[in-house]
1. Within the set of pairs 6 or more residues apart or between chains, which connect a residue that is at positive phi inside the stretch 36-49 to a residue that is among the hydroxyl-bearing types (Ser, Thr, Tyr) and in a loop (DSSP other than H, G, I, E, B) with Cβ atoms less than 8 Å apart?
2. For the stretch 122-139, enumerate the residues that are out of contact with any strand residue (DSSP E or B) (no Cβ under 8 Å at 6 or more places or on another chain) and free of Cβ contacts under 8 Å to residues at least 60 places away in the same chain.
3. Take the residues of the stretch 117-145 that are of a type in the set (Gly, Ala, Ser) and assigned to a strand (DSSP E or B): which is surrounded by the fewest Cβ atoms within 10 Å (Cβ to Cβ)?
4. Considering only the stretch 90-106, state which residues are farther than 14 Å from ALA379 by Cβ and touching a Leu at 6+ places or on another chain (Cβ under 6 Å).
5. Say whether the condition of being closer than 17 Å to GLN314 by Cα, part of a loop (DSSP other than H, G, I, E, B) and of a type outside the set (Gly, Ala, Ser) is met by at least one residue in the stretch 2-12.
6. When the residues of the stretch 47-100 are filtered to those that are more than 20 Å from the chain's Cα centre (by Cα) and under 14 Å from ASN206 (Cβ atoms), which remaining residue is surrounded by the most Cβ atoms within 10 Å (Cβ to Cβ)?
7. In the stretch 349-359, what residues are surrounded by fewer than 19 Cβ atoms within 10 Å (Cβ to Cβ) and not charged (D, E, K, R)?
8. Which one of these is over 29 Å from MET111 (Cβ atoms), aliphatic (A, V, I, L, M) and touching a Ser or Thr at 6+ places or on another chain (Cβ under 9 Å): MET368, MET313?
Amino acid sequence: MNITEDRCDVLVIGGGPAGATAAALLAQQGRDVVLLEKAHHPRFHIGESLLPANVALFDQLGLRAELDKIGMPKWGVEFVSPNHEHCSFLEFADAMDKSMPYAWQVRRSEMDELLFRHAEKQGARAIEGCRVRDVQFDDDGATVQAELDDGAKRSWRARFVIDASGRDTFLANKFKSKKKNPRHNSSALFGHFTNAQRLPGKLEGNITIFWFAHGWFWFIPLADGTTSVGAVCWPYYLKSRNKPLKDFFADTIAMCPKLAERLKDATLVDDAVHATGNYSYNGTHCSGERYLLLGDAFAFVDPVFSSGVYLAMQSAFEGAKVVAACLDQPAQAKQARKAFERMMTLGPREFSWFIFRVTNPTMREFFMHPQNPWRVQEALLSLLAGDIYGNTPIWGRLRVLKGIYYLISLRNFKRTFKAWMQRRQNIRDLGPLQGETIAVEAK
C-alpha cells in the first residue's frame, strides 16, 4: 500500500491542553505544525479544576475572556475532615502574590476544544480522529506513522516531535522510560451529579476536599450546574468491589457523611461512574535531540492539588522555547533542554512532597488549623496556586514549613509511626484493576 508522506517542522501527538497550547505557540512562531488528536472534540476528560497560575497562561494565549464564559470562578479550597467538627477554608488571595486570587472549574470537553480550535486559528494543521502508530527517529528528524478513524494511513516527515499524548505516554512507552511512582499508588472512581448542595455565594465554585477512611473525595462545581465528584482511594479498597460500580460508588460516598449530606438530593448524570487504576508515574527523561515530552506524557501525580492542567500548559510554553532553540539555534539546544528537564521535574517534585503526606494526621492539622508563622501559610497557598516558576520567594518559607512538619511529627511519634505503617500498607501494588477503566486527567 502506498502511503503519501507529508512534511512539517513540528508534529505534536495529542490535542489536549499541552499539545494544543504547544501547537498554537509554535504556529505563532511561523512554523509548519501538525497537531494529531486520536479522538474528536468535544470529548470527555476528568481534571476539571484549574489553578490561579493558569490564568496568566490563558492571558498570554488571548483566551481569558473565553474561560470566563465557560468556567465557574474558584476562589479557594474547602477542607472537610471526619476528625474535625469544623470545615477549613483557604483562599488564593491570601497567598504571597496577591495578583492571582482565582481560577476556574471547567468542563474539560469545553476547555480542551477551545484550546484545540485556537491552535487551528493560529495556523496549526489540526487533525482529529488520527492515532499515531509509530515514530522512528534518525539524524535528520523523525518519520511519524498514523491511522485515521476510517483506517486510512498517513505519514509525516517532521524535523521535531512533541509528545503530548497524556496518559498514553506514547514516547515514554517506546523508550521504556516510564516508571511507576513507588511512593504513591492510588485508584479513583468518579461521576457527575445534578442538584448537589454547594457552598453559598462567592464560595460556590470552591473545590472541596473530603477525607475519608480509604482516601479522599473531590467535589468540583461546574458552571452548567453539574458537580464532579470523585473518590481517590487506595487500590486495596477498589479491589474489594463485589457489586456494580454505581452501587460501589454509592457505598463509598456513604462512608463520608458530610459529602453524603451534600448529595442527598443529587442525581447521578446518565448513571455513569468510571474507575481507573494506579495513575502516578514519572519518566526518566523528557527531552531528546528531536523530541520533547510534555505534561502527563512525562509525569503524573495524584490530582489532590489540581496541578495537572497547569503543569501541562506550562510545559507547553517552556517547550515551545526549547523547540525554537533546537531548530533555529542548535548551539543553544543542549542548554535549553537541560533547563527544560529541571523545570519539568520541579513541579511534580514539589507538589508530591505534600501529596504523599496529605492523608497524614500532621498534614491534615496544617490544613484544618492553618497558621502563618514566618508566612509559611502564604507560601503554601502560593504553591497550591501554582506559583512555583516565578520570582515569588516561597522556597525558604516552604522549607520552614517542612521543618515544622517534621518537628510536630517527632513530637507525636506514635501517631506518626502508625500513619507511616498504614501508608506502607496502603500503597502496596495489587496489580491492575479489573472492569471499567479510563484515563484520568490525560493531556
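1. GLY47/SER306
2. Of everything in the stretch 122-139, those that are out of contact with any strand residue (DSSP E or B) (no Cβ under 8 Å at 6 or more places or on another chain) and free of Cβ contacts under 8 Å to residues at least 60 places away in the same chain turn out to be ASP138, ASP139.
3. First pass over the stretch 117-145, keeping only residues of a type in the set (Gly, Ala, Ser): 119, 123-124, 126, 129, 141-142.
If we keep only those that are assigned to a strand (DSSP E or B) as well, we get 126, 141-142.
Working: ALA126: 26, GLY141: 21, ALA142: 17.
The extreme case among them is ALA142.
4. Result: ALA103, TRP104, GLN105.
5. no
6. The qualifying residue surrounded by the most Cβ atoms within 10 Å (Cβ to Cβ) is VAL80.
7. TRP353, PHE356
8. Details: MET313 fails: over 29 Å from MET111 (Cβ atoms).
Going through MET368, MET313 in turn, just one is over 29 Å from MET111 (Cβ atoms), aliphatic (A, V, I, L, M) and touching a Ser or Thr at 6+ places or on another chain (Cβ under 9 Å): MET368.
The values are calculated or read from the model by the stated rules, or taken from the named source; none is laboratory data. The structure displayed is predicted, hence computed values, not measured ones. Positions of Cβ are backbone-derived with ideal geometry, glycine not excepted, and every protein chain shown enters the neighbour counts.
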